[in-house]
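The values are calculated or read from the model by the stated rules, or taken from the named source; none is laboratory data. These figures come from a predicted structure and were not determined experimentally. For neighbour counting, all protein chains shown are included, and Cβ atoms are generated from backbone atoms with ideal geometry for every residue, glycine included. In case anyone asks, the SASA skips ligands and DNA or RNA and just uses the protein heavy atoms, side chains included. Shrake-Rupley method; radii C 1.70, N 1.55, O 1.52, S 1.80 Å.
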Amino acid sequence: MRASILLMISLLLTACQLSEPRPAALLYEPSARHPFGRPNPQAPPELAQFDFMVGENDCVEQRIDNGTGEWIDGVRSWDAYYYMNGFAIRDSGKSGATTNGNIRIYDAAAKEWVVTFFSAPAYSSGAWRGKLEGSNIVLRQAQKAPGTNFDGFSTLTFFNVSDRGFDWTGEWVSEDGSVVFPFWRIQCQKAPRK
C-alpha cells in the first residue's frame with residue numbers, strides 16, 4: 001500500500017512538472033506554434049529590417065571561380081529563424097558540399113548590425129558590421145584584396161527585398177570605391193508553404 005501511494009505521488013509530481021513551463025523558457029524561440037520563432041517586443045525595432053529573411057528560402061547562386069574567373073551556377077537553401085529569445089536572427093544554408101550560418105544582431109549603442117559567419121566542413125569565419133543604406137542592408141569587413149596587399153572591404157549587400165524574396169551580392173571593394181570585384185551573387189524566393 002505504501003509503495004502504491006509513493007508511486008502515485010511520484011506520478012502526480014511528474015505530471016505537475018510536465019505541465020509547468022520551464023523556469024527560464026525562451027518564449028520567442030522557434031516552437032510548434034511559431035516554427036520560425038517571433039521577434040521579442042523588447043528587441044530593437046531595427047530587428048524588423050531582416051524580417052524578410054525569416055522562413056525558408058530557395059535560392060540560385062553564382063560564385064566566381066578564382067582560377068578561371070568564370071561564374072559557377074548553383075542552388076542553395078537559406079533559412080532564417082528568430083534566435084536568442086527573439087533578439088537576433090540566425091540563418092543557415094547549404095551550397096554544394098558547404099554549410100554556412102550566421103547570427104545577426106543589432107547593436108543599438110553602435111546603431112549597426114553585427115553579423116557573424118561560419119562555414120563547414122572547410123572552416124571559415126568572419127564578422128561584418130553595417131546598416132540600412134537607403135533600401136539596402138550593407139555589411140562590411142575590412143579586408144585585403146585576395147592575393148594582394150590592397151586595403152578594402154568585403155561588402156555584403158541585401159537588395160530587391162520584398163515579401164517574396166531578396167537578392168544578395170558579395171564584393172570586394174577598394175577603400176576609395178574605385179575597384180569593385182564581385183565574388184558571389186544570390187537570388188532567393190520564399191519556399192512554397194507545405
Only unsatisfied item for T99, checking (1) modelled with pLDDT of 95 or more; (2) of a type in the set (S, T, Y); (3) closer than 20 Å to F36 by Cα, is (1)
Selection from the stretch 132-149 of residues in a strand (DSSP E or B) and either in contact (Cβ under 8 Å) with a residue 60 or more places away in the chain or among the hydrophobic types (A, V, I, L, M, F, W, C) (or both) yields L132, I137, V138, L139, A142
Scanning the stretch 57-88 for residues that are of a type in the set (G, A, S) and within 22 Å of L47 (Cβ to Cβ), the one surrounded by the fewest Cβ atoms within 10 Å (Cβ to Cβ) turns out to be G86
Does any residue of the stretch 138-151 turn out to be within 23 Å of R38 (Cα to Cα) and of a type in the set (S, T, Y)?
no
| said: Looking for something part of a loop (DSSP other than H, G, I, E, B), open to solvent by less than 50 Å² (accessible area, probe 1.4 Å) and without any contact (Cβ under 8 Å) to a residue 60 or more places away in the chain - is there at least one such residue anywhere in the stretch 92-108? | reply: no
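For every residue, the table says whether it meets (1) within 18 Å of G74 (Cβ to Cβ); (2) of a type outside the set (G, A, S).
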{"position": "T99", "(1), (2)": "yes, yes"}
{"position": "D107", "(1), (2)": "no, yes"}
{"position": "L132", "(1), (2)": "no, yes"}
{"position": "N160", "(1), (2)": "no, yes"}
{"position": "D167", "(1), (2)": "yes, yes"}
{"position": "S174", "(1), (2)": "no, no"}
{"position": "R185", "(1), (2)": "yes, yes"}
{"position": "Q189", "(1), (2)": "yes, yes"}
**Message:** When you scan the stretch 42-51, do you find a residue that is assigned to a loop (DSSP other than H, G, I, E, B), touching a residue at least 24 places away in the same chain (Cβ under 8 Å), open to solvent by less than 70 Å² (accessible area, probe 1.4 Å) and of a type in the set (A, V, I, L, M), even just one?
**Reply:** yes
